[in-house]
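Visitor: Just dropping this structure here.
The values are calculated or read from the model by the stated rules, or taken from the named source; none is laboratory data. Bear in mind the structure is a predicted one, so any value in this text is a computation, not a measurement. Methodologically, a virtual Cβ is constructed for each residue, glycine included, from the backbone with ideal geometry; neighbour enumeration extends over all protein chains shown.
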Amino acid sequence: MNSTFHNALAAHGASLITHIGLTNASDTEISGGGYARQAVTWTGAAAVKSPSVNLVFNIPAGGVVANWRGFSASSGGTNYGGAALSQVTFTNAGTYTLLAASTNFTIQAG
């Protein structure tokens, strides 16, 4: 398939992922302490899409952030996967900022 096809797939994929959530090392979504998935809009040319802004999450004391995941809803919905992050453990409640510039997905020819 050509680049026009891959670009169309990336645009459709971005329309499916409406929220980003964070998971721990066991891939269980963070909960408690005011944590919530963040709504996301996507930007990017061609077949590489990134969030249009940095996303800030409230993390409870004892929370461990290890991955980001793309979801189809603010709760429940479909988990479309994501990527591993450098693991961060929160001794106290705090915030985690997922940087748009380093968070993306790519559709490419196999």
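Visitor: Identify the single condition in (1) assigned to a strand (DSSP E or B); (2) exposed (fewer than 15 other Cβ atoms within 10 Å of the Cβ); (3) without any contact (Cβ under 8 Å) to a residue 60 or more places away in the chain that GLN87 does not satisfy, given that it satisfies every other one.
Guide: Tallying (1) assigned to a strand (DSSP E or B); (2) exposed (fewer than 15 other Cβ atoms within 10 Å of the Cβ); (3) without any contact (Cβ under 8 Å) to a residue 60 or more places away in the chain, GLN87 fails exactly one: (3).
Visitor: Among the residues of region 42-65, is there at least one that is closer than 30 Å to MET1 by Cα and at pLDDT 95 or above?
Guide: Checking region 42-65: not a single residue is closer than 30 Å to MET1 by Cα and at pLDDT 95 or above.
Visitor: To continue, here is another question. So which residues in region 22-57 are touching a Leu at 6+ places or on another chain (Cβ under 6 Å) and under 30 Å from ALA8 (Cβ atoms)?
Guide: GLN38, ASN54, LEU55
Visitor: Looking for something part of a loop (DSSP other than H, G, I, E, B), over 15 Å from the mean Cα position of the chain (by Cα) and closer than 18 Å to ALA14 by Cα - is there at least one such residue anywhere in region 64-83?
Guide: Within region 64-83, none of the residues are part of a loop (DSSP other than H, G, I, E, B), over 15 Å from the mean Cα position of the chain (by Cα) and closer than 18 Å to ALA14 by Cα.
Yes or no, residue by residue, for (1) surrounded by 14 or more Cβ atoms within 10 Å (Cβ to Cβ); (2) in contact (Cβ under 8 Å) with a residue 40 or more places away in the chain; (3) hydroxyl-bearing (Ser, Thr, Tyr):
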| residue | (1), (2), (3) |
| --- | --- |
| SER50 | yes, yes, yes |
| VAL56 | no, yes, no |
| GLY62 | no, no, no |
| GLY94 | yes, no, no |
| SER102 | no, no, yes |
| PHE105 | yes, yes, no |
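Visitor: While we're here: Name the pairs whose Cβ atoms lie under 6 Å apart, with the first residue in region 33-48 and closer than 25 Å to SER75 by Cβ, the second in a loop (DSSP other than H, G, I, E, B) and of a type in the set (A, V, I, L, M, F, W, C), and 6 or more positions between them or separate chains?
Guide: These pairs meet every condition: GLY33/ALA93.
Visitor: On to the next question. So how many residues does region 4-48 have that are under 13 Å from the mean Cα position of the chain (by Cα), among the hydroxyl-bearing types (Ser, Thr, Tyr), crowded, with 17+ Cβ neighbours inside 10 Å and assigned to a loop (DSSP other than H, G, I, E, B)?
Guide: So the count comes out to 1.
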